[in-house]
1. Can you pull out every residue in the stretch 399-441 that is in a strand (DSSP E or B), in contact with a Gly (Cβ under 9 Å, 6 or more places away or on another chain), free of Cβ contacts under 8 Å to residues at least 40 places away in the same chain and open to solvent by 30 Å² or more (accessible area, probe 1.4 Å)?
2. Hey, can you tell me all the residues within the stretch 279-306 that are touching a residue at least 12 places away in the same chain (Cβ under 8 Å) and open to solvent by 50 Å² or more (accessible area, probe 1.4 Å)?
3. For residues that are buried (at least 18 other Cβ atoms within 10 Å of the Cβ) and either modelled with pLDDT of 90 or more or under 25 Å from Arg417 (Cα atoms) (or both), tally how many sit in the stretch 471-500.
4. Mind listing whichever residues of the stretch 113-125 are of a type outside the set (A, V, I, L, M, F, W, C), touching an Asp or Glu at 6+ places or on another chain (Cβ under 7 Å) and not in a loop (DSSP other than H, G, I, E, B)?
5. Cβ-Cβ under 6 Å, sequence separation 6+ or interchain: first residue in the stretch 237-260 and under 16 Å from Pro192 (Cβ atoms) and without any contact (Cβ under 8 Å) to a residue 60 or more places away in the chain, partner open to solvent by 10 Å² or more (accessible area, probe 1.4 Å) and acidic (Asp, Glu). Which pairs?
6. Any residue in the stretch 455-467 that's part of a strand (DSSP E or B): show its pairings with residues that are open to solvent by 30 Å² or more (accessible area, probe 1.4 Å) at Cβ separation under 6 Å, as long as the two are six or more apart or on different chains.
7. Would you tally the residues in the stretch 126-144 being in a loop (DSSP other than H, G, I, E, B) and at negative phi?
8. Listed residues Ser191, Ser203; which is open to solvent by 10 Å² or more (accessible area, probe 1.4 Å), within 24 Å of Arg258 (Cα to Cα), within 20 Å of the chain's Cα centre (by Cα) and not β-branched (Val, Ile, Thr)?
Amino acid sequence: MPTVRRATWMLIAALGVGGGGVAAASIAQATPGTGVAEATAVSEQRPVPITGRDRIYTADQTSNTVSVIDPSTNKTLGTIALGDQRVGSTFSPQYTGDAGVHGLAYSPTHQRLAVVSVTSNTVHMVDTRTNKVLNTTDVGRAAHEGSFTADGKQFWVANRGRDTISVVDVQRGGVIATVRVGEGPSKVLMSPDGRYAYVNFTSKAEVSVIDVRTRKIKDRITGLGATFSSDQAISADGKHIWVSHKRDGKITVVDAKRRKVVTVLNTGPDTNHPQFVENSKGKFVYLTMGGLDETWVYKRTDGVPELITKIKNKGQAPHGAWGSGDGSRLYIGLEKSDAVDVIDTRTNKVIDTIGAGQEPQAIVYAPRAADRAGSAPGLGNQGLGQQAYNVPTTLPNGTRGDTLDPVKGRVLEATIRPVAGLDMIQLQARGLKPDTVYQAYSVAADGKKTPLRSFPTDKGGKTPMALSFGAFNGERIAIEVKGEVTPVQKANFAAQASGHSHSVKASDLLYCDCC
């Protein structure tokens, strides 16, 4: 086997097992200069063992960092700071850093990491050997998640706040093309042969199929389980796409070859980030279940996937997920615990938990990202050692809101996280009265109440996220009914549901509440 072909073949093994669109995009030999790959037959996949040159990256939305972890030791090496911690100087009119570090993708040609910030609408290209930012590109509003083309020369990212996909020049930076796809595109996946891009939406129950070469929509896969889709992943063989519906607790399984929906799975609250994993036991899909603090494992079949186990995570709100190059490990970002769980995929047990930056969102496993084992040039420690923790909550009727229902999750979660000399108080509600405004209080040991903030629920009785900042000295948080939502608040919820807006409060503009 010639050297070039051997390198490409090893890359297939390294990335194809780990799940997700970026991994699958590397399964073909790139055609120079086109960004499109010609299909190359792959008869088998060889596992690539975990080494000290591999890296795990998390996108940390509150510390505005990328955490860098060595999977051979399960140690955090440091963070790449792309902006200040949330609040800080972010509201200054002269602030030039990035905010809302959220999306990640690893290049199929290695040693390039794309980092997407949803609030500053930017894409950074990072050299994983030096941990330095090579270039920064301003893209569309509320840029969310994307993928590299098969040759690694372009990065396509979905702009949730618009109707576009931005095509970024990886080497030089800058937007080289804009593809209009319809309101609220959420994530771009690439097919294994590099010919097609798949786009899900926050505004319609559809996956659009785009010809990468012509940048034209070729087909539309309709009939998904819900309108709002937060994430999606494609299998390494390109046969299936799993589309997650976080708000509705569902997964749509799509036959990518026939371009039709196979089935819709009813899952659980805050269903997110499907990831495909193959190992000696078979072919599986792992789903993070943020509202239940669990990761669910499905076995892939020719028909309806089979739920085989539910893994209890060691922290709260599992979010992003990615598998190692040999399929032996799965790494789960714990959004409300600022950590990463390590799951042994053969036993489906959590075997370690690693501290990370604040509020990890996307997570990527990058084989051979570093030049040598233990290499950690240019890293700092922003956001490390400041883990979030949850406090008890009380509902208006006096009952506990943080009791974990095995099906519905918690009614009211309250997370406290230190940021920039303050405490960020983060509330999430499910199952409250619809279209109702609640007042939240910090409750001290002696029962004294201090107002924190008010927040509205939508027509389903949910509040995906409400933030306030201050010094939290209470023992718990209690809520009381304040009144009905206003017409303006109802209009804002309608805008969120259609993918046009995230929030009306300045503090919430720094937060992607639905990813």
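1. Asp405, Tyr441, listed by residue number.
2. Of everything in the stretch 279-306, those that are touching a residue at least 12 places away in the same chain (Cβ under 8 Å) and open to solvent by 50 Å² or more (accessible area, probe 1.4 Å) turn out to be Ser280, Lys281, Lys283, Lys299, Val304.
3. Residues meeting the conditions: 5.
4. If the condition is that a residue be of a type outside the set (A, V, I, L, M, F, W, C), touching an Asp or Glu at 6+ places or on another chain (Cβ under 7 Å) and not in a loop (DSSP other than H, G, I, E, B), then Ser117, Thr122 are the ones that fit.
5. Correct list of pairs: Arg259/Asp219.
6. Pro456/Gln489
7. 6
8. Ser203
The values are calculated or read from the model by the stated rules, or taken from the named source; none is laboratory data. Just so it is clear, the model here is predicted, and its values are computed rather than measured. Don't worry about glycine lacking a Cβ; one is built from the backbone with ideal geometry, like all the others, and counts go over all protein chains shown. Calculation scope for accessible area: heavy atoms of the full protein, side chains included, ligands and nucleic acids excluded. Shrake-Rupley method; radii C 1.70, N 1.55, O 1.52, S 1.80 Å.
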